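K.L.:
First the structure, which I've put down as structure tokens, then a few questions once you've had a look.
The values are calculated or read from the model by the stated rules, or taken from the named source; none is laboratory data. Predicted, not measured: the structure shown is a model, and the values here were computed from it. Heads up, the Cβs are rebuilt from the backbone with ideal geometry, glycines too, and the neighbour counts pull from every protein chain shown.
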Amino acid sequence: MRYGTRDVLDGLDLDVHQGELFALLGPNGAGKSTTIEILEGYRGRSGGDVDVLGRDPAREDAGWRARIGIVLQANRDHGRWRVGDLLGHFARYYAHPFEPAELLGLVGLTVQSAQQVSTLSGGQRRRLDVALGIVGRPELVFLDEPTTGFDPEARRGFHDLVRGLRDDLGTTMLLTTHDMGEAQQLADRIGILQSGRITACGTLAELSAAARTRSDVVWTDADGTSRRQLTSDPSQLVWELHQRFEGPIPDLEVRRPTLEDTYLRMVADADATVGTDREEAAA
Ligand SMILES: Nc1ncnc2c1ncn2[C@@H]1O[C@H](COP(=O)(O)OP(=O)(O)OP(=O)(O)O)[C@@H](O)[C@H]1O
Ligand SMILES: [Mg+2]
């Protein structure tokens, strides 16, 4: 994808499997929304091959469109509609939609049903965006930063909703988020988009192994000092400590690397590689 003379996506290669929840992560401006908009048929691409539910999104039709759901990063239209009416209106376009009142309950907007869209708070508006994206029970849902502005309770509700869509309806989902905890909890697989291509892709365990992110082991020594060691083999370290203490290890804590640890390490490593490439090119 090229905007003007600038290549924003270059050599991006990505497969999302049917029925999985795939999280696309990456720094601001990496090209996540651009990628998603191309897959949705919302934005024309400059080149490359794209196949979504067996079709090229650039040549989509109404039948194909009804099979996908879209939650754009920014949605600021329909302000004069009432929440319940708007959802009911969109539901009528689909063969097997959610019952609008039930869906409003699922996203926590029952009380706002008769309120004008333009008067919703930021987080409430975002919940409505999510409801509009899934009202047609699509096979495939694109969620571009769906939980921005959600309070913790709404976030938890959204996570339950998304798990339900995947586990009960077999919905495939492509999600972007800057909330690493959210991606860690929800995603079956994760892709990291940087400098226009996917620099890492896999399960959390695969990414942690690839980034060689280490676990943090904390314990208290016999003289009362708190000790801490980073290790790629926490099981071995704990076994050694166990021998040394000849029994329980005081105040033992083993913290596995989080997705945030892995993500930050991978982004830093890729930045360093891009820097090296540039230096080599300059030389
Ligand atoms: N319509 C456009 N015209 C020109 N450049 C654009 C346009 N849309 C996006 N860009 C540029 O393309 C790059 C990728 O933007 P994109 O919105 O896809 O990033 P993103 O990964 O979604 O970022 P964020 O995490 O901030 O949402 C950015 O550098 C952006 O400035
Ligand atoms: Mg974006």
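Quick grid of which residues meet (1) more than 16 Å from ligand 1 (Cβ to nearest atom); (2) modelled with pLDDT of 95 or more:
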position: Leu174; (1), (2): no, yes
position: Asp179; (1), (2): no, yes
position: Glu182; (1), (2): no, yes
position: Leu186; (1), (2): yes, yes
position: Gly191; (1), (2): no, yes
position: Arg197; (1), (2): no, no
position: Ala205; (1), (2): yes, no
position: Ala210; (1), (2): yes, no
position: Ser215; (1), (2): yes, no
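K.L.:
Still on this structure, I have one more. Restricting attention to the range 37-60, does a residue exist that is touching a Ser or Thr at 6+ places or on another chain (Cβ under 7 Å), within 16 Å of ligand 1 (Cβ to nearest atom) and within 29 Å of Leu264 (Cα to Cα)?
P.N.:
Within the range 37-60 (the criterion being touching a Ser or Thr at 6+ places or on another chain (Cβ under 7 Å), within 16 Å of ligand 1 (Cβ to nearest atom) and within 29 Å of Leu264 (Cα to Cα)), the answer is no, since none of the residues qualifies.
K.L.:
Condition first: within 30 Å of Thr273 (Cβ to Cβ), in contact with a strand residue (DSSP E or B) (Cβ under 8 Å, 6 or more places away or on another chain) and hydroxyl-bearing (Ser, Thr, Tyr). Now tell me which residues in the range 208-253 satisfy that.
P.N.:
The answer is Ser215, Thr231, Ser232.
K.L.:
If you don't mind, another one. Is it the case that Ser215 is farther than 30 Å from Asp7 by Cα, polar (S, T, N, Q) and out of contact with any helix residue (DSSP H, G or I) (no Cβ under 6 Å at 6 or more places or on another chain)? It would help to see each step written out before you state the result.
P.N.:
Numbers: farther than 30 Å from Asp7 by Cα: yes; polar (S, T, N, Q): yes; out of contact with any helix residue (DSSP H, G or I) (no Cβ under 6 Å at 6 or more places or on another chain): no.
Here the answer is no, as Ser215 does not meet what is asked.
K.L.:
Just the residues that are more than 13 Å from ligand 2 (Cβ to nearest atom) and not hydrophobic (A, V, I, L, M, F, W, C), please, taken from the range 41-50. Give the derivation first.
P.N.:
First pass over the range 41-50, keeping only residues more than 13 Å from ligand 2 (Cβ to nearest atom): 41, 44-50.
Hits for the range 41-50 are Gly41, Gly44, Arg45, Ser46, Gly47, Gly48, Asp49.
K.L.:
With respect to Gly108, is the statement that it is within 24 Å of the chain's Cα centre (by Cα), over 25 Å from Gly191 (Cα atoms) and not in a loop (DSSP other than H, G, I, E, B) true?
P.N.:
Values: within 24 Å of the chain's Cα centre (by Cα): yes; over 25 Å from Gly191 (Cα atoms): yes; not in a loop (DSSP other than H, G, I, E, B): no.
In short, no.
K.L.:
Now, a different point. With (1) crowded, with 20+ Cβ neighbours inside 10 Å; (2) under 28 Å from Asn28 (Cβ atoms); (3) over 23 Å from the mean Cα position of the chain (by Cα) as the list, and Leu120 as the residue in question, which single condition is left unmet?
P.N.:
Going through the list (1) crowded, with 20+ Cβ neighbours inside 10 Å; (2) under 28 Å from Asn28 (Cβ atoms); (3) over 23 Å from the mean Cα position of the chain (by Cα), Leu120 breaks only (1).
K.L.:
Can you confirm whether Gly11 is modelled with pLDDT under 95 and closer than 27 Å to Arg125 by Cβ? Quick ask: steps written out before the conclusion?
P.N.:
Working: modelled with pLDDT under 95: yes; closer than 27 Å to Arg125 by Cβ: no.
Taking the combined requirement at face value, the residue does not satisfy it.
K.L.:
From (1) within 16 Å of ligand 1 (Cβ to nearest atom); (2) modelled with pLDDT under 95; (3) surrounded by 17 or more Cβ atoms within 10 Å (Cβ to Cβ), pick out the condition that doesn't hold for Gly108.
P.N.:
Gly108 satisfies every listed condition except (1).
K.L.:
Looking at (1) surrounded by 21 or more Cβ atoms within 10 Å (Cβ to Cβ); (2) hydrophobic (A, V, I, L, M, F, W, C); (3) touching a residue at least 60 places away in the same chain (Cβ under 8 Å); (4) out of contact with any Asp or Glu (no Cβ under 9 Å at 6 or more places or on another chain), find the lone condition where Leu21 falls short.
P.N.:
(4)
K.L.:
Please enumerate the residues belonging to the range 10-36 that are away from ligand 2 (no atom under 16 Å from the Cβ) and not in a loop (DSSP other than H, G, I, E, B). Please lay out each step first, then the result.
P.N.:
Here is the first cut: in the range 10-36, the ones away from ligand 2 (no atom under 16 Å from the Cβ) are 10-11, 13, 15-21.
Within the range 10-36, just Leu21 meets the criteria.
K.L.:
Also, I was wondering about something else. Look through the range 37-58, keep the residues that are aliphatic (A, V, I, L, M) and part of a loop (DSSP other than H, G, I, E, B), and return whichever of them is farthest from Leu140 (Cα to Cα).
P.N.:
Narrowing the range 37-58 to residues aliphatic (A, V, I, L, M): 38-39, 50, 52-53, 58.
With the extra rule that they be part of a loop (DSSP other than H, G, I, E, B), the set shrinks to 50, 53.
Numbers: Val50: 15, Leu53: 8 Å.
Taking the candidates together, the pick is Val50.
K.L.:
Give, as residue ranges, the helices (runs of 4 or more DSSP H) completely inside the range 137-244 that count at least 1 residues that are within 30 Å of Glu37 (Cβ to Cβ), touching a residue at least 60 places away in the same chain (Cβ under 8 Å) and of a type in the set (S, T, N, Q). Quick ask: steps written out before the conclusion?
P.N.:
On the way: elements: 152-169, 180-186, 204-211.
Fully inside the range 137-244 and qualifying: 180-186.
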